[in-house]
Amino acid sequence: MGRIGGIGKGGTGLALVIVALAITAIHLRGDVDRYEVYAVRFATLANFPVSSLVAGADRSRRMDIAMMIWVVKGVDGRIAIVDSGFHRDRYFTQFTVKDYIKPSEAIAPLGIKPEDVTDLLLSHMHWDHAGGIDLFPAARVWIQKDEYDYYTGEAWQSSKTHGGIDPEDVQEIVKRNLAGKVSFVRGDDETTISGLSFNVGGKHTWASQYVGVQTRTSSVVIASDNIYLYENLDTHKPISQTLDAVSNLRAQDRMRSLASDARLVIPGHDPSVFDRFPHVSERIVRIE
């Protein structure tokens, strides 16, 4: 009887351990599709015309705009980056670039090395967003299929249909595709990567997109250039550089509906992002 009782006590202890492990596993599973989100500023473009950002803005207005990428860090080891920045020499002569650090180096305060990045979520193919694909050598690139098809093909039949697209960036994404490291998004997609959603953008380019992210407490929308500044949202003004202003306003409205709060719709170039959220380093804020 005593022997059986001893087994019973041990069994109870083992059962408690199993229950504790099961609860931990449930919590971990619940967090697998939840992410930390960071905005990382890698440069500034000085004295930029606001009229190129907000439709109808006074042409005399100028501001220093933030050049940024966004880190989306999962508990399962996934490290995704939304957009890749730029590093080609010619853009340093075309624009007044200040405080520049390579995007692949700007993420270092988060304890991330370039080769750690598993996924690169490209909002669109413009030089300042797709210009750093080669900086993240192991990353799988996610892009709207229509965006990829157009800018690797038809757009180059006319000199007027590929403004802002760098030929070297096109070659780089084609090389990544030849290596089997490009995944195509077809319109809105909320299932391919759990906790992330790809959403059709406001026609900033042929098929721009924005990214929805589930954190542990909220839903964040990384608008990238589908919204340049908070001013676009606050005044409900389309971005200046869009192929379809009506489409852009519809996209703005949808972003608001997807985010837990309007402040969690993150525009592509507004320096006040770095005033609105807590800093983890001089150039990095956590979106929460």
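The values are calculated or read from the model by the stated rules, or taken from the named source; none is laboratory data. Treat the numbers as computed from the prediction; the structure is a model and nothing was measured. Cβ placement follows ideal geometry from the backbone for every residue including glycine, while neighbour counts extend to all protein chains displayed. Remember, those area values only see protein heavy atoms, side chains included, never the ligands or the DNA or RNA. Shrake-Rupley method; radii C 1.70, N 1.55, O 1.52, S 1.80 Å.
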Query raised in the report: Checking Asp83 against (1) closer than 22 Å to Val273 by Cα; (2) over 19 Å from the mean Cα position of the chain (by Cα), which single condition isn't satisfied?
Result: (2)
Query raised in the report: Quick one: in the range 56-94, which of the residues that are of a type in the set (Ser, Thr, Tyr) and surrounded by 14 or more Cβ atoms within 10 Å (Cβ to Cβ) is farthest from Leu110 (Cα to Cα)?
Result: Tyr91
Query raised in the report: Looking at Glu231, Glu190, which one is open to solvent by 10 Å² or more (accessible area, probe 1.4 Å) and touching a Pro at 6+ places or on another chain (Cβ under 9 Å)?
Result: Glu231
Query - Considering residues of the range 243-270 that are outside any helix (DSSP H, G or I) and open to solvent by less than 30 Å² (accessible area, probe 1.4 Å) only, the residue farthest from Asp83 (Cα to Cα) - result: Ala259
Requested in this report: Exactly one condition in (1) in contact with a strand residue (DSSP E or B) (Cβ under 9 Å, 6 or more places away or on another chain); (2) within 18 Å of Val50 (Cα to Cα) is not met by His236; state its number.
Outcome: (1)
Query raised in the report: Mind checking which pairs have a first residue in the range 239-257 that is hydroxyl-bearing (Ser, Thr, Tyr) and a second that is assigned to a strand (DSSP E or B), Cβ under 8 Å, 6 or more apart or different chains?
Result: Ser240/Val54
**Report entry** Single match in Asp244, Asp234 (criterion: more than 26 Å from Phe274 (Cβ to Cβ) and modelled with pLDDT of 95 or more)
**Finding:** Asp244
Report task. Working carefully through the options Arg41, Arg29, find the one that is assigned to a helix (DSSP H, G or I), basic (Lys, Arg) and either modelled with pLDDT of 95 or more or out of contact with any helix residue (DSSP H, G or I) (no Cβ under 7 Å at 6 or more places or on another chain) (or both). Result -> Arg29
Requested in this report: Quick one: Val182 ticks every box in (1) under 19 Å from Tyr151 (Cα atoms); (2) open to solvent by 60 Å² or more (accessible area, probe 1.4 Å); (3) among the β-branched types (Val, Ile, Thr) except a single one, so which number is it?
Outcome: (2)
Report summary line: Those residues of the range 152-183 which are closer than 14 Å to Gly131 by Cα and touching a residue at least 24 places away in the same chain (Cβ under 8 Å) amount to Gly164, Ile165, Asp166, Glu168, Asp169, Val170, Glu172, Ile173, Arg176
Query - Out of Leu121, Leu53, sole residue that is touching a residue at least 12 places away in the same chain (Cβ under 8 Å), closer than 26 Å to Thr215 by Cβ, open to solvent by less than 40 Å² (accessible area, probe 1.4 Å) and among the aliphatic types (A, V, I, L, M) - result: Leu121
